[in-house]
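Step one of this worksheet: look at the structure below.
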């Protein structure tokens, strides 16, 4: 249990940074959706750009982050690993950024924002800066410095938030009050407002690079080519899996632009609605990201201990329990969460439960995927992700023209569900882990049934106060049920163990 306690501690700090950073970042969601300057079409254009950026972030990192953790665990020269990875990413970032800069028109067509070339230029700058930050952040995680990691992440988002408000609130107000002020030189009402959002992002990425400058360059400019070839052989399948993962996660916003008519900005508005409602899956998304950051280096280090499979199974159990509770917390209190976005986006709320289930499957898949990373069969991860990518593309291609973003939500669910199932079945043959899958499946089904029960009863008795009160009862009942079933497990946890013993 001490190992799980250590993971919980690391996940707390990575979670604190992710939750705080994402929470501050998500404050931009109500700010932008309620803004009179930004239309649904503008918000859709922003979602398109931010759908393309993660894909290129994955390409620019090309699996080196995971390879870094893997080879730092092996009996290799740690300095050689650090130097080689750092030099590799520095050089590739410059080269790939130059390639993108010379092909801006192509990138604009992918993001379906060709009419706004300034958005493409800023996107390339952000991609370049984020690529340079990749290995320094990985080094912080490997060195076990979650607090420093958290501080830099939070600072990044605070800078983004402050400059966004500065550009979209302070400058327009200043320019309107005084047409001769300096603000007129900064803010142009004819400019697409999303340009200012990306400028704020670029400024934040630059300051993040400054804060990570100590780890930006190698200690010695010595490049170990044989080691690099070995790392690339390990990393390239991860790149393929990562690209597939980004397609699964973000490409639906782009595909809405490809396969919906954009007369009068219809496609942009549809992906604006979808992007805003996607934000309401924030809690599960944040937890999964925080868990993944703490779990990846933890799992690799745990592999050297005795019987790591038992630890992996217990970690997965607590993970599933947590996301099941979060699912109920978000879906049953959706009448409250919906005010996070402007009412003009509420027509898309029907996809929120679907997206939550999809992200739950993705989180479980991340837990299960440790088998191919530990056994050096990263090609399996690439294969699984390619299957998911095919499902994503096929469902979106055939159903977006008729069902718009609802098709994208279901495509996301079936993609992640398939990946989770394939990884479990394949992984148990290659690297057996004693997952309590029957019990965990039961927990998830019970959570889903409680959601349908709440939905049915609140439709019959449409009263907001009653619905929220009934939600509290169902969530509390579910938590008490889980604690009673898992009493022995919870008794071993620090701080809560004594309370559990008193209650049961």
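The values are calculated or read from the model by the stated rules, or taken from the named source; none is laboratory data. Given the structure is predicted, the values throughout are model-derived calculations rather than measurements. Cβ placement follows ideal geometry from the backbone for every residue including glycine, while neighbour counts extend to all protein chains displayed.
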Next on the checklist: Being more than 29 Å from the chain's Cα centre (by Cα), part of a helix (DSSP H, G or I), surrounded by 14 or more Cβ atoms within 10 Å (Cβ to Cβ) and at pLDDT below 95 is the requirement here; does residue 456 meet it?
Outcome noted: no
Checklist entry - Filter the stretch 469-504 for residues that are at pLDDT 85 or above and touching a helix residue (DSSP H, G or I) at 6+ places or on another chain (Cβ under 7 Å); which is surrounded by the fewest Cβ atoms within 10 Å (Cβ to Cβ)? => result 479
Checklist entry - Given the conditions (1) modelled with pLDDT under 95; (2) closer than 24 Å to residue 247 by Cβ; (3) surrounded by fewer than 16 Cβ atoms within 10 Å (Cβ to Cβ), and given that residue 116 satisfies all but one, which numbered condition is not satisfied? => result (3)
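To keep it simple, each residue is scored yes or no on (1) modelled with pLDDT of 85 or more; (2) over 21 Å from residue 289 (Cβ atoms); (3) out of contact with any helix residue (DSSP H, G or I) (no Cβ under 9 Å at 6 or more places or on another chain).
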site: 67; (1), (2), (3): yes, no, no
site: 81; (1), (2), (3): yes, yes, no
site: 84; (1), (2), (3): yes, yes, no
site: 109; (1), (2), (3): yes, yes, yes
site: 165; (1), (2), (3): yes, yes, no
Item to check | From the options 127, 159, residue that is part of a helix (DSSP H, G or I), closer than 22 Å to residue 62 by Cβ and at pLDDT 90 or above | outcome: 127
Checklist entry - On the given criteria, is residue 413 in a helix (DSSP H, G or I), modelled with pLDDT of 95 or more, farther than 30 Å from residue 373 by Cα and in contact with a helix residue (DSSP H, G or I) (Cβ under 6 Å, 6 or more places away or on another chain)? => result no
Checklist outcome for this item: Reported set for the stretch 381-394 where residues are within 22 Å of the chain's Cα centre (by Cα) and farther than 14 Å from residue 242 by Cβ is 387, 390, 391, 392, 393
Checklist entry - Do we have residue 232 as out of contact with any helix residue (DSSP H, G or I) (no Cβ under 6 Å at 6 or more places or on another chain) and farther than 21 Å from residue 355 by Cβ here? => result yes
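Each row is one residue, and each column tells you yes or no for (1) more than 21 Å from the chain's Cα centre (by Cα); (2) modelled with pLDDT of 85 or more; (3) within 27 Å of residue 371 (Cβ to Cβ).
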| residue | (1), (2), (3) |
| --- | --- |
| 198 | no, yes, no |
| 214 | yes, yes, no |
| 226 | yes, yes, no |
| 245 | no, no, yes |
| 264 | yes, no, no |
| 293 | no, no, yes |
Checklist entry - Residue check: is residue 42 modelled with pLDDT of 85 or more and either surrounded by fewer than 17 Cβ atoms within 10 Å (Cβ to Cβ) or part of a helix (DSSP H, G or I) (or both)? => result yes
Checklist outcome for this item: Residue count, the stretch 235-251, condition surrounded by 19 or more Cβ atoms within 10 Å (Cβ to Cβ) and under 12 Å from residue 64 (Cβ atoms), comes to 4
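To keep it simple, each residue is scored yes or no on (1) touching a residue at least 12 places away in the same chain (Cβ under 8 Å); (2) under 24 Å from residue 41 (Cα atoms).
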residue	(1), (2)
151	yes, no
182	no, no
188	no, yes
204	yes, no
